[in-house]
Each structure stands twice: as structure tokens, then as C-alpha cells.
1. Take the range 69-104 and flag every residue that is touching a residue at least 12 places away in the same chain (Cβ under 8 Å), exposed (fewer than 14 other Cβ atoms within 10 Å of the Cβ) and not in a helix (DSSP H, G or I).
2. Which condition number in (1) outside the structural domain of L61 (by TED's automatic domain parsing); (2) part of a helix (DSSP H, G or I) is the one that Y111 fails?
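The values are calculated or read from the model by the stated rules, or taken from the named source; none is laboratory data. The structure displayed is predicted, hence computed values, not measured ones. Note that each Cβ is placed from the backbone with ideal geometry, even for glycine, and that neighbours are counted across all protein chains shown.
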Amino acid sequence: MKTAATLTKAASIEEKSITTASAKAERRVAKQMIKQTLKKAPEATEAGGKSQVVALVLAILVGGLGIHRFYLGYTGIGIVQLLTLGGCGIWALIDLIRIITGDLKPKGGEYAKKL
């Protein structure tokens with residue numbers, strides 16, 4: 001005959017194994033849901049939803065400071081433009097033309113909203 005302490009210990013071990021198994025199953029289901037969500041909406045992750053119109057307005061208003069480059073995700077080039085005042089305006093003009101033609105795109109890919 002088993003003692004009460006032995007039965008309590010056995011029940012405790014059984015509860016832990018059930019809890020561990022259910023936690024593993026929950027993690028597996030959560031991972032599957034995340035994978036399905038990412039497969040369904042890849043366009044939401046591309047370019048972070050950047051707008052070509054916003055980039056154009058930034059290039060027109062503060063192009064000499066390179067703020068549009070920061071917006072598009074090109075931080076290094078944005079810092080260089082900030083320090084050189086957009087290459088004395090020449091670099092800013094080139095970027096303005098590239099944004100209008102769609103040649104200068106966000107670092108992540110395509111614009112979410114185009115002209």
C-alpha cells in the first residue's frame with residue numbers, strides 16, 4: 001500500500017508532465033499562427049509603409065538636410081547629406097528627380113503609396 005506522501009509526489013510529477021506537454025503544444029500552435037500571419041501579409045513588412053508623396057515633400061522642403069534619406073531608411077547617406085547640406089543642393093536636386101521618377105526607393109523595397 002502506498003503512503004499519502006508517495007501518492008502526492010506521483011500526482012505532482014504527473015501534473016508537471018501534463019503542464020509541460022500543454023505548454024509545448026501551445027508554443028507550437030503560436031509558432032504556426034505567426035508563420036501563417038507572415039505568409040498572408042508580406043507587403044505589410046516591405047518598406048515599412050513608406051509613401052512616395054511624403055518622400056517627395058520632404059525632399060522639396062528639407063532636401064538640403066537629407067531628411068528624406070532618413071525617412072527612406074538610408075541613415076548613413078542622410079548623415080552625409082546633413083553635414084554637406086545636400087552636396088550644396090546638387091545632391092538634393094538629384095534625389096528629388098530620383099524620387100519623382102521612382103528610382104529612389106525605400107531601403108526595404110517598394111513604396112506602399114506611389115504618386
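1. Of everything in the range 69-104, those that are touching a residue at least 12 places away in the same chain (Cβ under 8 Å), exposed (fewer than 14 other Cβ atoms within 10 Å of the Cβ) and not in a helix (DSSP H, G or I) turn out to be G89, G102.
2. Status for Y111: all satisfied but (2).
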